[in-house]
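To keep things clear, I will list the structure first and then write my remarks on it.
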Amino acid sequence: MRPVAVLILVLGAVAALVFAIASISSDSRSAQAVTRTVVQRAEGTAQPAVLMNPDQEVDPAEPLEAPVRRALDEGNPTWKNGISGRVVSVQQAPIQGATVSLIQFDDYTELAELSRAMEESDPPAPVKELLTGSDGEFLFRGLDPSVAWGLIVSHPDYSRAQAGPIEVREEGTAEELVELRTGFQLFGYVTDATTGQAIAGAHMLLEDPMTGFLPRNKKHMKRQAVYTDDTGHYEFINVPPGSRTLSVEAEGYAMRLYTNVRFMGTDDLRIQQDCELKIGMMIAGRVLAADGSGIVGAEVQAVSHQAENASRGGTLTKAGGEFVIEDIGSGLYTLRVNAQGWDIDPVPRIEAGETNVEIRATERGGVMGVVFEQSSGEPMDSFQCIVRAVHPTNNAYGVVAARKRFKNRSDGSFSIDGVSPGEYVIQADADGYASTFSTPFHVRQGETTPDVRIELSQGSTLKGRVLDSESGDPVAGAEISTNENNWFDSEFTKLLGGMDQTAMTVAKVKTDEDGYFEIKLMLPSEYQVRVKHAKYTEFIKNDVTLTDGQTNDIGTVLLSKGAVLRGTVYGPEGIAAHGCDIYLNAIDGRMFGGNRQARSDANGRFLIRNVSAGDYRLSAARPQNKQSGGPFGQIVDMKNSEVEVSLFDGHEVTTDLYLGQN
């Protein structure tokens, strides 16, 4: 992972933490004062505006056009396997009418969700859906064992639950027990701060603090929305544990932001947060170019960093560059302006009520040049150009500053505007050619850099063969992937997938029936090559150098089946604990292939296959500690249960884990 990307992520995390800490002192007074107050409505009053099914509002995927609504799905008869289970309450009573969605598990951690949101990619859609009967049971049959499967379970009366990844063997049934918990209820009244009158139709948005930067229309699993009724009453139901941000908006009133609304513990699931709104104020002005002309269509955001009475608002500039941001609270704001083709510095300390703000913009520069074929010297007809920033400390190319497609260019020319001052390269892509980069060039404010030339070639080829290390037989269907040299997977690198860019050829292919693979049109550079197969340990090779116009044969890759680790997790009462997270971490701190995760099934059993030989720490944590006790409950469980194990290729080891008392 590149240092700059890591620094950005760390700074962002620190900033979020500081903001949350600052919010606690101001918000906790108002929130805690009403946290345990329950309002009883008089008979005959209107029912509150309730999000009757929050799972629909924040559903991770669009519903299927014709979902299978049966408690049994036969699946593919080729596979004599499946996933069976029961959906129960905390008291172990079966839950009827729960929707069980089968998904191809694609890392459903919070960071992975954020990465998908930043990339504007859709979460994994359900492959199949079942509805539980009176016994709460479900069964999916005939599942591809090479896929990591997962479940998402929802019900109108409970918070959503998920299970995965679930290992499905070629034969036999994986057993799951899914507990649904009654979620928190957040309710209250929205009133006029001066008159005390109810405000009907106020828009209430409850979301995770880390998703606040997402567009308001972007769906997310931790984003719920309701409106107040005629009495000003609102209610969110089935809110999962954690901290949330509550925003309140109503026409003519200042938008109000409540940070650090906490849903913790299990003593009282009803939390009241009344909201008083003041008459809104405005900030108005103009966004101007250097010559004094107005810039139309610029996005202007007003952000308040006050812990008390936090507010925010935004708008687009109109003719003459004029803007009016309405319905914000009193206090100081920072104005942030985004306009395509212009650089505009943030404007701090603008008082609400100011109506003559002038914001000056500086026009960006541009680049122009030609793309041609290296061997013939002929200009290219159709291609794409991507402007990438040059890192000052390494040879990798980073953030995409601009991109544009060109067609029917008889002279191979291109021109791209709206590039901020800085050092860049152009990446050119065309069908049948490898991605190719120009030499670095500099863009100056308001100027166009000319005569940038890019020579397209067919790049490099990578090939090899994958065999079983014991039998010497070819391994068909192994996945070969390329990454930047010394790349490693983690939750943070998955999050950076939505922010960070790579100048390498990131490719995936599978071996044929004889174990051979070949990847063409690769950008010449140094790579990491990974080989994965469900029945073997992962193979990772760094420092694979590819040269333009040549084929690099990495030879024969031998895959080992590694070790098998199994066991049972027991809770403090000595009863098998289902749904626990199992952590296997290499003691030597290896980045590659050293860490694995699993889950205990309905009988508390866990199984981890194809583990690389070595010394490990093995531990477990209950999911309820994650939900109700935050990370500290997990840490206690992991410390109480931790054991050390030594694993060898071809061996099978059984180790039970005991959680003990917290």
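How many of the residues making up the stretch 290-307 are touching a Lys or Arg at 6+ places or on another chain (Cβ under 8 Å) and not β-branched (V, I, T)? Step through it out loud before you land on a result.
Start the filter on the stretch 290-307 by keeping residues that are touching a Lys or Arg at 6+ places or on another chain (Cβ under 8 Å), which leaves 290, 294, 296, 300-304.
Next cut, not β-branched (V, I, T) only: 290, 294, 301-302, 304.
Going through the stretch 290-307 one residue at a time, the tally reaches 5.
Hey, does the stretch 385-401 have a residue that's in a loop (DSSP other than H, G, I, E, B), in contact with a Phe, Trp or Tyr (Cβ under 9 Å, 6 or more places away or on another chain) and at pLDDT 95 or above?
Within the stretch 385-401 (the criterion being in a loop (DSSP other than H, G, I, E, B), in contact with a Phe, Trp or Tyr (Cβ under 9 Å, 6 or more places away or on another chain) and at pLDDT 95 or above), the answer is no, since none of the residues qualifies.
What residue, of T449, T439, is in a strand (DSSP E or B), in the same structural domain as E373 (by TED's automatic domain parsing) and of a type outside the set (F, W, Y)?
T449
Please name all residue pairs, on different chains or six or more residues apart, with Cβ atoms under 7 Å, provided the first residue is in the stretch 142-153 and is part of a loop (DSSP other than H, G, I, E, B) and modelled with pLDDT of 90 or more and the second residue is surrounded by fewer than 16 Cβ atoms within 10 Å (Cβ to Cβ) and not hydrophobic (A, V, I, L, M, F, W, C).
G142/E74; G142/N76; G142/P77; G142/T78
Right, Y433: of a type in the set (S, T, Y), outside the structural domain of I344 (by TED's automatic domain parsing) and crowded, with 20+ Cβ neighbours inside 10 Å or not?
Considered against the rule, which asks whether it is of a type in the set (S, T, Y), outside the structural domain of I344 (by TED's automatic domain parsing) and crowded, with 20+ Cβ neighbours inside 10 Å, Y433 comes out as no.
Could you tell me which numbered condition R599 fails, if it satisfies all but one of (1) touching a strand residue (DSSP E or B) at 6+ places or on another chain (Cβ under 9 Å); (2) at pLDDT 90 or above?
Of the numbered conditions (1) touching a strand residue (DSSP E or B) at 6+ places or on another chain (Cβ under 9 Å); (2) at pLDDT 90 or above, the odd one out for R599 is (2).
Of all residues in the stretch 419-436, which are assigned to a strand (DSSP E or B) and either closer than 21 Å to L546 by Cβ or touching a residue at least 40 places away in the same chain (Cβ under 8 Å) (or both)? Walk me through it before giving the result.
First, pick out the residues of the stretch 419-436 that are assigned to a strand (DSSP E or B): 419, 422-429, 436.
Matches in the stretch 419-436: V419, Y424, V425, I426, Q427, A428, D429, T436.
If you scan the stretch 195-225, which residues turn out to be part of a loop (DSSP other than H, G, I, E, B), modelled with pLDDT of 95 or more and either surrounded by fewer than 19 Cβ atoms within 10 Å (Cβ to Cβ) or in contact with a helix residue (DSSP H, G or I) (Cβ under 9 Å, 6 or more places away or on another chain) (or both)?
T195, G196, Q197, A200, G201
So G321 ticks every box in (1) farther than 30 Å from E235 by Cα; (2) modelled with pLDDT under 95 but one. Which box is left unticked?
Here G321 meets the rest and fails (2).
Can you find a residue in the stretch 500-522 that is in contact with a helix residue (DSSP H, G or I) (Cβ under 6 Å, 6 or more places away or on another chain) and either at pLDDT below 95 or assigned to a strand (DSSP E or B) (or both)?
yes
Looking at the stretch 636-662, which of the residues that are modelled with pLDDT of 90 or more and aliphatic (A, V, I, L, M) is surrounded by the fewest Cβ atoms within 10 Å (Cβ to Cβ)?
The selected residue is V643.
If you take the residues in the stretch 438-458 that are crowded, with 19+ Cβ neighbours inside 10 Å and not small (G, A, S), which one is farthest from the chain's Cα centre (by Cα)?
Among residues in the stretch 438-458 that are crowded, with 19+ Cβ neighbours inside 10 Å and not small (G, A, S), the one farthest from the chain's Cα centre (by Cα) is V452.
Note down all Cβ pairs under 7 Å where the first residue falls in the stretch 508-531 and is in contact (Cβ under 8 Å) with a residue 24 or more places away in the chain and assigned by TED's automatic domain parsing to the domain that holds S435, the second is hydroxyl-bearing (S, T, Y) and not in a loop (DSSP other than H, G, I, E, B), and they're at least six residues apart or on different chains.
Note: no pairs meet the criteria.
If you take the residues in the stretch 540-562 that are touching a residue at least 40 places away in the same chain (Cβ under 8 Å), assigned to a strand (DSSP E or B) and within 32 Å of the chain's Cα centre (by Cα), which one is nearest to E513 (Cα to Cα)?
Looking at the filtered set, the residue picked out is L559.
In the stretch 236-257, what count of residues is obtained for those that are on the phi < 0 side of the Ramachandran plot and either surrounded by fewer than 20 Cβ atoms within 10 Å (Cβ to Cβ) or in a loop (DSSP other than H, G, I, E, B) (or both)?
So the count comes out to 7.
The values are calculated or read from the model by the stated rules, or taken from the named source; none is laboratory data. As the structure is a prediction and not an experimental result, all values here were calculated from the model. Here Cβ is always computed from backbone atoms with ideal geometry, including for glycine, and neighbour counts include all displayed protein chains.
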